[in-house]
Amino acid sequence: MNIIIFGPPGAGKGTQSDKIVKDYEMFKLSTGDLLREEIKEQSVLGKKIEEIVNSGKLVSDDIMNTLVDKIVSNKKYQNNIIFDGYPRNLGQAKNLEKILKKNSQKINLVISLKVSLESIVKRITGRLICSKCGATYNEFFNPPPKKVDCCNTRTIKKRDDDSAEVAKKRFNTYQESTEPVLKFYEKMGLLKETAGEKKIGEIYAEITEYINGIQGWL
Ligand code: ADP
Ligand code: ZN
């Protein structure tokens, strides 16, 4: 089973996909993480990406395809991937179809988290991330536990770009570029929309119903 999780930045994709990864032992493909890892490895491609990112430009679809192909073609992750924050536009969605087909795989479920801009702004300005393990919390809605293995007051921080201003910009970009992508998957009969304004546990309960539905007929 391969899943895509959609939603504007701050909708709760990371929060929900982390739960799916844990419960269903899936591999989360976050293109942001992929880029950062490639840079860390300092491969030829990694150095190129670093240059582009540092200059403030967007990484090309070509590079993105190469990175996604690397994961999709890896037997270790075959038919067990959750795509978080990718594809971002119709071009990437079509490329993903090609990559999947080449590797005899497909998307089984597309989940779209619908959240209003007002809620997004509240969530984004309260978002806290553990710089060590990547766990996501929220100072208003989902405070970090007092005592856990790695997360503590020194590792849990706000993201530099998590301001109301930036949130609004990202929300608009998301709506413009992702609308056609959602239509694309809707036509394929894969799209499930979820009201992302509910509590984290309630949303997750709905998502597990969708997933279990698929597993039933796989
Ligand atoms: P995304 O990955 O879509 O950008 P995150 O999972 O990082 O979103 O969630 C954004 C912020 O909102 C985080 O601080 C998270 O703890 C909080 N959050 C996530 N889901 C909910 C929810 N259903 N209700 C309230 N806050 C939430
Ligand atoms: Zn941590």
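Derivation of every value follows stated rules applied to the coordinates shown; laboratory data play no part. Being a predicted model, the structure only gives us computed values, none of them experimental. Because the Cβ atoms are built from the backbone with ideal geometry, glycine has one as well, and the counts that use them run over all protein chains shown.
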Subject >> Per-residue [θ]222 nm for the chain (sum of -39500 (n - 2.57) over DSSP H runs n ≥ 4, rounded to 500) >> reply: -16500 deg cm²/dmol
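Explain nothing, just the number: relative contact order of the chain, from Cα pairs under 8 Å at least 6 residues apart, as a whole percent. Each step should come with its number before you reach the end.
On the way: 282 pairs, mean separation 63.7, N = 218.
With pairs under 8 Å counted, the relative contact order is 29 percent.
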Original post:
Hey, rough spin-label estimate for residue 74 and residue 59, points 7 angstrom out along Cα→Cβ, what's it come to in nanometres?
Top reply: 1.3 nm
Subject >> Amide hydrogen neighbours beyond the local backbone of residue 131, cut-off 5 Å, H modeled >> reply: 156, 157
Original post:
Between segment 141-218 and segment 1-57, how many Å separate their Cα centres?
Top reply: 14 Å
Subject >> Shape category assigned to the chain from the gyration tensor of Cα positions, a/c cut at 1.5 >> reply: rounded
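Too long at a 23 Å Cα-Cα cut-off: which of 19/168; 22/47; 19/132; 28/168?
Values: 19/168 27 Å; 22/47 32 Å; 19/132 18 Å; 28/168 26 Å.
Too far apart for the 23 Å limit: 19/168; 22/47; 28/168.
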**OP:** Among the aspartates and glutamates, select those whose C-alpha is under 20 Å from the C-alpha of residue 187, and discard any that sit fewer than 8 residues away in the same chain.
**Re:** 97, 176, 179
**OP:** With +1 on each Lys and Arg Cβ and -1 on each Asp and Glu Cβ, and nothing else charged, work out how big the dipole of the chain is about its Cα centre, in Debye to the nearest 20.
**Re:** 240 debye
Original post:
Which is farthest toward the positive dipole end of the chain among 43, 105, 172, measuring Cα position about the Cα centre, with Cβ charges +1 (Lys, Arg) and -1 (Asp, Glu)?
Top reply: 43
**OP:** Would you kindly derive the ³J(HN,Hα) couplings of segment 158-163 from the backbone phi angles with the Karplus curve 6.51 cos²θ - 1.76 cosθ + 1.60 (θ = phi - 60°), listing them in order in whole Hz, with x for Gly and Pro?
**Re:** 7, 7, 4, 8, 8, 10
Subject >> Radius ratio Rg over Rh of segment 65-116, counting only Cα atoms, Kirkwood formula for Rh >> reply: 0.98
